[in-house]
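**Student:** Sharing a structure with you now.
The values are calculated or read from the model by the stated rules, or taken from the named source; none is laboratory data. Treat the numbers as computed from the prediction; the structure is a model and nothing was measured. Virtual Cβ from ideal backbone geometry, glycine too; neighbours counted across all protein chains shown. Side chains included, ligands, DNA and RNA excluded: accessible areas come from the protein's heavy atoms. Shrake-Rupley method; radii C 1.70, N 1.55, O 1.52, S 1.80 Å.
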Amino acid sequence: MKILMLTTVYISNDIKILNNTSVCHYFAKEWAKSGHDVKVIYSYPVFLRIFHWLASVFKTQITRISNSSIRVKRISKDKFFLLEGVSVQRIPIFKALPLGKYPLKSIKRQINKIINNNLVNNFNPDIIVGHFHNPNLELISILKEKYKVPTCLVLHGDATNVKKLYKSNFNELLSNIDVWGYRSRAIQENFENSFGIKNKSFLCYSGIPESYFKDFKTVYSKKILNSFVFVGSLIKRKHPISLIKAIPKTIIKDNYSIDYVGDGYEKKIIQLELENRNLSNKVKFWGNLQRDKVQEVLESSEFFIMISENESFGLVYLEAMAKGCITIASKKEGMDGIIIHGVNGFLCEAGNDKELVSLINHISKLSNKQKITITKNAILTANNYSDYNASNHYIDSIINN
């Protein structure tokens with residue numbers, strides 16, 4: 001099958017993008033491994049030069065408050081590259097301001113380049129999928145008229161402003177999407193409450209490599225679990241400081257250790273908090289690690305905690321569950337629905353330190369048997385979300401929906 005993927009977020013070796021995500025590549029790579037012919041159109045957003053300059057100067061401050069990918073480098077040339085069996089065509093797409101829709105001129109230019117590139121490479125897609133609604137809702141709608149194939153758009157965040165972006169042809173654009181994908185239940189509910197339930201839709205969860213899964217022989221010999229880990233960008237919305245504020249107030253008291261994997265502006269704030277509380281000896285900062293190295297840190301941990309907000313879906317939660325960590329995520333965020341409170345993990349209000357204290361105390365008082373059951377359920381849940389299973393579910397949801 002020939003799969004055409006449209007996205008404004010992708011990875012490449014020549015450009016470093018802040019807050020970038022590999023999620024689209026994980027899907028594309030698995031499809032290629034399964035024998036599909038996958039082509040990615042990476043529409044790289046380009047703005048007025050001043051905005052790229054501002055991003056380079058204030059990148060630390062921006063990453064602290066923003067959940068979006070931040071393009072410091074301004075590029076103007078197309079580029080083709082192969083990445084783990086996936087053909088990627090990167091095409092810059094211009095709009096003056098970072099916010100708002102792309103001008104018609106840019107949309108037409110992008111469509112012409114995509115069609116001409118497909119023609120040169122004799123690529124006629126069997127399905128078209130897109131990630132992130134602006135500008136891909138518009139691009140997919142036009143390409144559907146050209147290729148007459150099933151289409152899918154996956155939403156990664158709040159898309160309720162889509163009607164404001166496309167006032168004149170909103171209904172037409174929506175009608176050209178055959179299947180809707182949502183990166184979390186919260187995104188699905190938000191979108192459907194605004195625009196109604198779509199006949200064909202699915203939850204587009206990611207997966208993790210099968211090599212990351214742990215067997216069921218995990219047995220806790222200690223009465224109190226006391227090794228904690230946080231893996232993610234140290235930014236405000238992820239509330240990494242909550243661990244410092246909560247854990248010392250639990251019944252564990254001063255018998256604990258915390259590992260932070262990741263980097264960001266909040267590291268300075270956490271370090272200051274540690275110094276003020278004389279807790280620096282309890283914490284280790286690993287910085288950014290390769291994905292395989294992260295698995296080693298998770299393997300040696302008992303709790304994984306990240307009670308962040310505006311989290312569409314987090315692979316690291318699955319990775320922690322696959323390693324047998326007792327995992328605490330946020331209520332009404334990306335993992336709510338995958339993590340069932342008290343069954344395969346726990347849920348806490350985002351950034352709520354007091355609730356986190358109560359939750360850790362509750363877990364600490366559970367019997368060994370109860371903890372082991374939750375751990376086994378977490379590993380079982382994670383097993384359902386392997387890279388292979390997730391990519392197959394994605395394609396099946398389009399073909400058989």
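**Student:** Using a cut-off of 27 Å between alpha-carbon atoms, which lysines can reach Lys167, once sequence neighbours fewer than 8 places away in the same chain are excluded?
**Tutor:** Excluding near neighbours in sequence, the set is Lys95, Lys101, Lys105, Lys108, Lys113, Lys144, Lys146, Lys148, Lys198, Lys200.
**Student:** Please list, by residue number, every one of the trypsin sites (Lys or Arg not before Pro) in segment 88-195 that is coil in DSSP and has at most 15 other beta-carbon atoms within 10 Å.
**Tutor:** Here the trypsin sites (Lys or Arg not before Pro) that fit, given the DSSP loop and packing criteria, are Lys148, Lys167.
**Student:** Mind jotting down the distance between the C-alpha centroids of segment 104-124 and segment 250-320, whole Å?
**Tutor:** 45
**Student:** Among residues other than Lys79 whose Cβ falls under 9 Å from its Cβ, what is the net charge (Lys/Arg +1, Asp/Glu -1)?
**Tutor:** Taking every other residue near Lys79 into account, the sum is 0.
**Student:** What does the helix-only formula give at 222 nm for the chain: each DSSP H stretch with n ≥ 4 adding -39500 (n - 2.57), the total divided by the residues, and the result rounded to the nearest 500 deg cm²/dmol?
**Tutor:** So the calculated ellipticity at 222 nm is -11500 deg cm²/dmol.
**Student:** With both bridge residues required to lie in segment 231-362, what share of the DSSP beta bridges run antiparallel, to the nearest 5%?
**Tutor:** Working: 1 of 14 bridges.
Approximately 5 percent, going by the DSSP bridge assignments.
**Student:** I would also like to ask the following. Rounded to the nearest 5, what % of the DSSP beta bridges within the chain are antiparallel ones?
**Tutor:** Values: 7 of 57 bridges.
Around 10 percent of the beta bridges assigned by DSSP in the chain are antiparallel ones.
**Student:** Could you check the simple spin-label distance between Asn116 and Gln271, using points 7 Å along Cα→Cβ, in nm with one decimal?
**Tutor:** 5.1
**Student:** Does anyone have the angle between helix 104-120 and the longest principal axis of the chain? Alpha-carbon axes, 0 to 90°, nearest 10?
**Tutor:** For 104-120 against the chain, the angle is about 80 degrees.
**Student:** Which residue, Val294, Val179, Val57, has the most motion in a Gaussian network model of the chain that connects Cα atoms within less than 10 Å?
**Tutor:** Result for the chain, Cα springs under 10 Å: Val57 fluctuates most.
**Student:** Hey, another quick one. Among 245-253, 285-293, 345-353, 323-331, how do they line up from the highest to the lowest mean number of other beta-carbon atoms within 10 Å? Intermediate values should be presented prior to the final figure.
**Tutor:** Details: 245-253: 17.3, 285-293: 12.0, 345-353: 20.6, 323-331: 25.8.
Top of the packing list down: 323-331, 345-353, 245-253, 285-293.
**Student:** Express the carbon and sulfur contribution to the solvent-accessible surface of segment 299-364 as a percent, rounded to the nearest whole number, probe 1.4 angstrom.
**Tutor:** Heavy-atom surface of segment 299-364 belonging to carbon and sulfur, 1.4 Å probe: 47 percent.
**Student:** Helix 353-364 sits at what angle to the longest principal axis of the chain, using alpha carbons and giving 0 to 90 degrees rounded to 10?
**Tutor:** It works out to around 60 degrees.
**Student:** Still on this structure, I have one more. For semi-axes √(5λ) of the Cα gyration tensor in Å, several values are listed as [x] 39, 24, 19; [y] 51, 37, 20; [z] 46, 20, 16; flag the one computed from this structure.
**Tutor:** Among [x] 39, 24, 19; [y] 51, 37, 20; [z] 46, 20, 16, the one derived from this structure is [x].
**Student:** Any idea what the dipole of the chain comes to, in debye rounded to 20, about its Cα centre with Lys/Arg Cβ at +1 and Asp/Glu Cβ at -1?
**Tutor:** Computed about the Cα centre, the dipole is about 980 debye.
**Student:** In degrees between 0 and 90, to the nearest 10, how far off the longest principal axis of the chain does helix 23-33 point, with axes built from Cα atoms?
**Tutor:** 70
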